Amino acid sequence: MLARPVLACAALAVIAMAARVNAQDHTEYDPADIQYGLTLYRSQCAVCHGESGAEIAGVDLRSGQLRRAESDFELRLVISNGIPGTGMLGFDLDAAEMTGIIAYLRNMNHEVDAATMGDAASGQAIFEGKGDCLRCHRVKDRGPRSAPDLTAIGRARAPGALRRKLLDPTGTLLPINRPVEVVTRDGTRVTGRRLNEDTFSVQLIDSNERLRSFDKAELREFNISIVSEMPSYEDELTEDELADLLAYLVSLKG
């Protein structure tokens, strides 16, 4: 007879715990995202809220206590939709910008690490030169298609994620971007980058930049690598060079 009340109490405990986690989902942020958020705040928010975040009566962004945005999810809604009946308008930010501005707002009382983001122009020179990134990646109309197109990577990926990618390509490799190799029934071996896959077929762009589609039932082998073909730049670039390269990638908005 006690089983049902016990289960009900357990369910309520889980719900309460989930609510607390949701309310406290802003505990850790990448320094690169925070610094990117600072640049966005200065260009988008400081005109009303001021550099200190306390220029509007009754609003102190540095306090860490935002009445309408206890969780990051709620803060995202406030930024996107604005607050009706007030001067707070909604902002149409891309995913990377939203990640950055939230990271900075949650860390306004902390010193921002200025070393994580550098000069975009210098970063472009590294991208096209020392980094040799155009050997695999494409930006606008330059470069091959053997690796993901980076033309708008600054809209899709936050600075922190991009920096982790530069330092640990394999550890941050998305499943869809894993290198693949197929062997057809006649023994032809094809390597490339997977574009799409379902239960019965796989589509990829091969090493010669040709679009290929294969029926899985017709393949002798279908192998997926978990090791990225992209090199790590942790020991190849200095911290300043990494900061410049990151700034260039963040600037790529399509």
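Overview of values
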{"quantity": "Hits in region 109-152 - residues which are under 30 Å from E74 (Cβ atoms) and crowded, with 20+ Cβ neighbours inside 10 Å", "calculated": "T116, M117"}
{"quantity": "Residue, modelled with the lowest pLDDT, within region 23-45, restricted to residues that are part of a helix (DSSP H, G or I) and surrounded by fewer than 15 Cβ atoms within 10 Å (Cβ to Cβ)", "calculated": "A23"}
{"quantity": "Residue in region 81-98 that is farthest from K253 (Cα to Cα), counting only those that are open to solvent by 50 Å² or more (accessible area, probe 1.4 Å) and at pLDDT 90 or above", "calculated": "N81"}
{"quantity": "Selection within region 237-251 - in contact (Cβ under 8 Å) with a residue 60 or more places away in the chain and farther than 18 Å from L38 by Cα", "calculated": "L237, E239, D240, E241, L242, L245"}
{"quantity": "Answer residue from region 56-80, given it is within 20 Å of the chain's Cα centre (by Cα) and of a type in the set (D, E, K, R) and is least open to solvent (accessible area, probe 1.4 Å) among those", "calculated": "D72"}
{"quantity": "Residues within region 128-168 that are outside any loop (DSSP other than H, G, I, E, B) and in contact with a strand residue (DSSP E or B) (Cβ under 8 Å, 6 or more places away or on another chain), tallied", "calculated": "1"}
{"quantity": "Breaking point among (1) open to solvent by 70 Å² or more (accessible area, probe 1.4 Å); (2) in contact (Cβ under 8 Å) with a residue 60 or more places away in the chain, for L211", "calculated": "(2)"}
{"quantity": "When residues of region 174-208 are limited to those that are hydroxyl-bearing (S, T, Y) and assigned to a strand (DSSP E or B), the one most open to solvent (accessible area, probe 1.4 Å)", "calculated": "T191"}
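The values are calculated or read from the model by the stated rules, or taken from the named source; none is laboratory data. Values in this document were obtained by computation on a predicted structure and should not be read as measured data. As a convention, Cβ positions derive from the backbone with ideal geometry for all residues, glycine included, and neighbour counts pool all protein chains shown. Protein only, heavy atoms only, side chains kept; ligands, DNA and RNA dropped before computing areas. Shrake-Rupley method; radii C 1.70, N 1.55, O 1.52, S 1.80 Å.
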